[in-house]
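Everything on this sheet refers to the single structure shown next.
The values are calculated or read from the model by the stated rules, or taken from the named source; none is laboratory data. Keep in mind that what you see is a predicted model, and the values were worked out from it rather than measured. When we count neighbours, we look across all protein chains shown, and the Cβ atoms used for this are built from the backbone with ideal geometry, even at glycine. The area values use the complete protein model at the heavy-atom level, side chains included, leaving out ligands, DNA and RNA. Shrake-Rupley method; radii C 1.70, N 1.55, O 1.52, S 1.80 Å.
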Amino acid sequence: MMLCPCESGKPYSKCCEVFHSGTPAPTAEALMRSRYSAYALASQNLALTDYLLQTWHRETRPENLNLNGDESTKWLGLQIKRHQVINAENAIVEFVARYRHTNNLGGKAERLHETSRFKLIDKRWYYLDGDYQ
């Protein structure tokens, strides 16, 4: 049994894999966790890059992501600092994701601290954008 990379403590098969397989995330936090897991697992699974693009709001989504085969980034952990529902269609999630570039000398761990904005459209949450701390 593989634990979910999002650090929920649940098995991947009962956590983010459900969303990666097509079930809409019920909250912005669940979507954020599933997107983190997709980044953590993308080098092993081509479909997860597609998932990241599909869950990115169309106004801010890049044309493509080149994550497949990227073994140089190892995601080390996720901490959710805050999940706040702004109104029926908007929410924010503040998080810290730790990672390491294994091709860096010494492999020093780094942190990505972001407050992300999410939008609910047709009963599906989408990542809109974020501010780095």
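In the chain, what percent of the accessible surface is made up of carbon and sulfur (1.4 Å probe, ligands and nucleic acids excluded)? Here it works out to 47 percent. Listed by chain and number, the lysines placed with their C-alpha closer than 18 angstrom to that of residue 108 are 74; residues fewer than eight positions away on the same chain are left out. One decimal place: the segment residue 27-residue 102 gains 23.7 nm when fully extended, by the rule 0.36 nm per residue minus the C-alpha distance.
Surface exposure of the chain, expressed per residue as accessible area with a 1.4 Å probe, stands at 59 Å².
Over every Cα atom in region 1-124, the radius of gyration and the widest Cα-Cα span, Dmax, amount to 14.4, 46 Å.
Of all beta bridges that DSSP places with both ends in the chain, some 95 percent have antiparallel geometry. Between residue 84 and residue 113, the contour length at 0.36 nm per residue exceeds the alpha carbon distance by 8.8 nm. For the chain, averaging the sequence separation of C-alpha pairs within contact (under 8 Å, six or more residues apart) and dividing by the residue count gives a relative contact order of 21 percent. Only Lys, Arg, Asp and Glu carry charge here, each on its Cβ (+1 for the first two, -1 for the last two); on that basis the chain has a dipole of about 340 debye about its Cα centre.
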